[in-house]
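K.L.:
One structure is given below, represented as structure tokens, and several questions about it will come after.
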Amino acid sequence: MARPIELIPLLCLNCATRLPANPDEAAWVCPQCGEGQRLDEREGLARLEVHYSSGIPLNQPGKPYWVVDGQARFQRKTYSGSQSAEAEKFWGDSRRFFIPAYTLPLETLLKVGSAFVSHPPTLEAGPPAPFEAVTLSLEDVTAIAQFIAMAIEADRPDKLKELQVNLQLGDPVLWILP
Ligand SMILES: [Zn+2]
């Protein structure tokens, strides 16, 4: 006989309060003590740094983003034209990625993520605020950052034949932005 799936309640690592966790979510802030936590694929519940922007309006929940610095190097082969120098200049020593952690269609997510690489918002810390559910797990950050880097490079006005990216990322933290 098939058994119903049993959901194990997640308890705050800090104060053992039950976290308001839905099955499709990946990170939470404890409603009792405010400790940030995420579900790690291997280790279970793990502590997570959560920062809040000072720009979140009072009457609107903030939006969670994984923020991570990355070094990107590309190998591009083109049919004609070459934007390799522009690419190198754009990526420089490192760039900051802001990866939407709330639910978005992939296409929109790439658009938002690409725009933030070109125009990163200033990060100024403010008080804790409510925010939309975190549905993109930290484990997915590398793949999405690669998608974003490729999307930016594919947009250059040369005729791309082949594109490879080598992306080195730091440790992502969660920021809640307006
Ligand atoms: Zn707690």
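The values are calculated or read from the model by the stated rules, or taken from the named source; none is laboratory data. Everything numeric in this text was worked out from a predicted model, so none of it was measured. For neighbour counting, all protein chains shown are included, and Cβ atoms are generated from backbone atoms with ideal geometry for every residue, glycine included.
K.L.:
Can you tell me which condition Ala72 does not meet? The list is (1) within 20 Å of Asp171 (Cβ to Cβ); (2) of a type outside the set (Val, Ile, Thr); (3) within 16 Å of the ligand (Cβ to nearest atom), and all the others hold.
P.N.:
Result: Ala72 passes all but (3).
K.L.:
Could you please find all residues in the stretch 26-54 being touching a strand residue (DSSP E or B) at 6+ places or on another chain (Cβ under 7 Å), part of a loop (DSSP other than H, G, I, E, B) and away from the ligand (no atom under 16 Å from the Cβ)?
P.N.:
Ala26, Ser54
K.L.:
Can you tell me which residues in the stretch 95-128 are under 14 Å from Ala149 (Cα atoms) and part of a strand (DSSP E or B)?
P.N.:
Within the stretch 95-128, Arg95, Arg96, Phe97, Phe98, Ile99 meet the criteria.
K.L.:
Let me ask another. So Lys77 clears everything in (1) modelled with pLDDT under 95; (2) in a strand (DSSP E or B); (3) touching a helix residue (DSSP H, G or I) at 6+ places or on another chain (Cβ under 9 Å) except one condition, right? Which one?
P.N.:
The failed condition is (3).
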